[in-house]
Amino acid sequence: MKSSDTNLQFSPLLDHEGQPTQRGQKHTWTQHFPWEGQRLLAQLQAVGPAEGPQSILAYVSESPDMRLWLRETMLRGGTVPRTVRVRSAYKTAYFWVTEEVQPLWRRAQADRITLTYPVLPGANPGRFLQEAYPLAAVFEREGLLAEFVAGTDSLPLYQATLWRGSQQLWQGSCFTPLAERQSPDGRTVLAPTGWLTVRAGSVTAHDQPVPTDGELFWDWYNATVLPAILELADQRDDGLVFKNLSVHLHLSEPDLALDVLNERISMTEALTEEIYFGTMDALKRHTSTPVSARHLTPGRIVPVARATPGQDGLARVSLTEWGDAPQESSPVDPGLPADGGIRGVLLDRPSPPARTWASAQTLAKQHSLEWHVPAHSMDGRPIPVVLRATPGTPDGVLVTAGQHANETTGPVAALEFITELASTTANFAVIPLENPDGASLHRALTQIAPEHMHHAARYTSLGDDLESRLRQGRPRWEARARAWAQKETGASLHLNLHGYPSHEWVRPFSGYAPHGFESWALPAGFITILWHWPGHEVPARRMAEAIAQRLALDPEVAGHAARALRASSAHNLKPHYELIHGMPFILTEQPAALCPITVITEAPDETIYGAPFRMFVKAHLTVCAAAVSHHLQVNK
C-alpha cells in the first residue's frame, strides 16, 4: 500500500533535471503520508448509514491517548447507537491484556491466567509468544500465576482464560491483524497492520485493513529509496556505497515507557531499527553477503524518528555520495584535541568522547603509565591507549570498550579498571573508546531520543564493525589500535566490554524479532560470553566459574538478572545461554579471536542512565577483576 502522493516519486539516481548524477553529489527525497486516524474515520464514513446499532472494532498503531480520542470521535459521529473499541495494531496482545483483561481479573479476584498465543504457518513458532512480552512480568507483579500455551488452530488470535483455583471465571479472545510482506532481505514475513470491522447486528458491513503510518512509510522507503541505494552500490567497485544516509521521520506512532521492567513500546524506535538494519539487509542480499557478515562498508546511516500524535506523516531522506574513496593517513601522536579543561568521567550516563580521552590521560599520568595514540578513526578522532609494557612479562591483558558505541557502560568501566590494573604486575593495555565516531553520533541521537537503543551508532563511520577488519587481516583506522595494543603487551586475555538493548528489540516489518540477532531481542540480565581458541575449553570454563562466583555475590546484579530471566524466559522458547551460579553465560570456541581467551561482557545498557547505569559499570568491573585475578593466578 502506498500513500496518495506516490506520483511524486522520481527516478532514484537522476537529479531534478533528469540527468545522471556524478560521484559526491547529494540526493533528497520527501514524502507525505495522510494520518491513519483520518483514513480510519474516512473509511468508517464510507461504510454508509446503518439502520440499527453498530459494533465497531478498529486497530491502529497509536498511543493509548490517541486511541481514546479516536474512540470518542467515532462514538459521537454516528446517527445510530454505537459500541466502539479501538485496539492497538502494534503489540496487540500486550495492550489487549493490560487494557481490557486486567480490569476483569482484578474485579473477579482471579489468581491464575492462561494465555494462548497463535502459531501461524511460515512464522517462527515463538514469534507471538515474544510479541506478548512483557506480560509475564505484569502477571508476576499482579500476583497472578500464568501459563503460556501454544495455539493449535493456526488462527491469528490470542485467547485468555481467567481462573480462581480450578474454577474458570472468564474466557475471551483477541484478533491480531497481520499483513504478509517481503522483508528487505527477501523473506516473506507477517507484519502488524491496522484494521476496521463494522457490524450491524449479525451482518458484517465492513472488514478491511487500514494501513498504519509506519506501513506507508516503510513501503515507500522500500519502493523508492532502497532501489536507489542498490543502484549506487552497483556503480562502485571499492565496497563503498554512500558517505551519509540521513532519514528524518515524523509519524503519529506510539513511543511510550511502560510501568514494568523499565520497558518501552516504541514504533518510532522500531522504525529507526528497520531503516538501519533493513538497508544493511538489502545490501547484503544484493551483494550475496551472509546475514552474519559485518564487513560491509555502506556508509553512515542516521535514522531519526519523532512521534507527532494526530498529525500527517512526513519523511525526508538525504543521501550524500562518496567522491574519491577515503585514504588512511599514517597515524601520529599529536595528543588530544582541546577539551576545555574537562576532567573526570561521568559515572551514571554515557560520557562524551573528549571527557573519556581526558580521563584516560589523567589516569595514565596518575599511575605513571604510558600514553599512546596509535590510530585514528575514519573521521580523524584519536584512539588513545593506556599502556604498561614491561619487557619479559608474558600473558598480558587487553581491555577494550566502545567497539559498538551505543553500548554505553563499557567505556566508563574500562576507565575505572585502569587503577586496579595498575596495582598488579601484569602488562596491560586499555582502549577505553575504540569507536569515537560512533560515540559522537550516539551522543547526538540521544539528545533527540534519550532512551532509544540507537544501533545506527553501533559500527564505524564506514558502516562496518571494526573487529571484522582484524579478522580480514586489514587493521585499518580504528582497528589498528587493538592490533597494536595486543602486540605491545603480548596479551593472552582480552576483556571486551559490550552491551545490548535494555528493553525489547523489535523489527516489526522484518519478522518481529531482529533478523540475525534474534537471541538478543529480550533483555536477560548481565550476560558474560567466553570465546576460546581450540584446545582452551577447560581453561575457559574454569574462568567462567570464577567469574560467576564473583557476580553471584553481588545482590543487586544477581537480583536484576533473576528478574530479567524470569520475564524473558517466559517469552522465549529457546534461550541462548546457560546458567552458571544463576548468571547467564555463553561459552563458544572462536579460532579467529585475538587472544586464547576473550571475555565479553554484555550489559543491557542501550540506553540507560542513573542507578542502572552505575550497577552495570560495577558488573563490568566485577567480571574484569575476577577474570584478571584468575588469569594471574593460573599464569604465575
For the chain, state the semi-axes of the equivalent ellipsoid (square roots of 5 times the eigenvalues of the alpha-carbon gyration tensor), sorted largest first and rounded to whole angstrom. 46, 32, 19
Carbon and sulfur together cover what percent of the accessible area of the chain at a 1.4 Å probe radius? 50
Would you list, by chain and number, the lysines whose Cα falls below 27 Å from the Cα of LYS26, excluding same-chain residues fewer than 8 positions away? LYS2, LYS243, LYS284
Looking at the chain, what % of its DSSP beta bridges pair antiparallel, to the nearest 5? 60
Computed over the Cα atoms of the stretch 390-524, what is the convex hull's projected area averaged over all directions, in nm²? 9.6
Run a plain Debye calculation on the stretch 212-321 (Cα atoms as equal point scatterers, no solvent) and give log10 I(q)/I(0) at q = 0.12, 0.21 Å⁻¹, rounded to two decimals, same order as the q list. -0.46, -1.11
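Note down the Stokes-Einstein diffusion coefficient of the stretch 447-596 in µm²/s, whole number, using a Kirkwood radius over alpha carbon pairs, 25 °C, and 0.890 mPa s.
D = 139 µm²/s.
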Specify which residue in the list ALA354, VAL599, ALA483 is farthest towards the positive end of the charge dipole of the chain, using unit charges on the beta carbon of Lys, Arg (+1) and Asp, Glu (-1), about the Cα centre. VAL599
Overall dimensions of the stretch 592-636 by Cα: Rg and Dmax, Å: 13.4, 40
Three principal axis extents, largest first, for the C-alpha atoms of the stretch 72-219, in Å? 47, 47, 26
Hull-based mean projected area of the stretch 90-130, where the convex hull spans the alpha carbons, in square nanometres: 3.4
At q = 0.20 Å⁻¹, what is the base-10 log of I(q)/I(0) for the stretch 365-434 according to the Debye formula with one equal point scatterer per Cα and no solvent? Please give it to two decimals. -0.84
Return the Rg/Rh ratio of the stretch 250-294 with Cα-based radii and a Kirkwood Rh. 1.18
Would you list, by chain and number, the aspartates and glutamates whose Cα falls below 15 Å from the Cα of LYS636, excluding same-chain residues fewer than 8 positions away? ASP395
With only helices counted (DSSP H, runs n ≥ 4, each -39500 (n - 2.57)), the per-residue ellipticity at 222 nm for the chain, to the nearest 500, works out to -9500 deg cm²/dmol
Kindly provide the Kirkwood hydrodynamic radius of the stretch 134-226 in Å, to one decimal, from all pairs of distinct alpha carbon atoms. 17.0
The stretch 507-527 and the stretch 358-431 have their Cα centres apart by a whole-number Å value of 31
With r defined as the distance between the Cβ atoms of THR424 and LEU579 and R0 fixed at 30 Å, what FRET efficiency is calculated, to the nearest 0.05? 0.50
Send over the per residue convex hull volume for the stretch 509-572, Cα only, as a whole number of Å³. 98
Evaluate 2.2 N^0.38 Å with N set to the residue count of the stretch 45-127, then give the Cα radius of gyration divided by it. 1.38
Cβ charges +1 (Lys, Arg) and -1 (Asp, Glu), total dipole of the chain, debye: 700
Assuming R0 = 30 Å, can you tell me the calculated FRET efficiency for the pair ASP238 and ILE448, based on Cβ-Cβ distance, to the nearest 0.05? 0.40
Positive-end residue of LEU271, LEU398, THR424, charge dipole of the chain with Cβ unit charges: THR424
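The values are calculated or read from the model by the stated rules, or taken from the named source; none is laboratory data. Treat the numbers as computed from the prediction; the structure is a model and nothing was measured. Please note: Cβ atoms are built from the backbone with ideal geometry, for glycine as well, and neighbour counts cover all protein chains shown. The accessibility values were calculated without ligands, DNA or RNA, using every heavy atom of the protein model including side chains. Shrake-Rupley method; radii C 1.70, N 1.55, O 1.52, S 1.80 Å.
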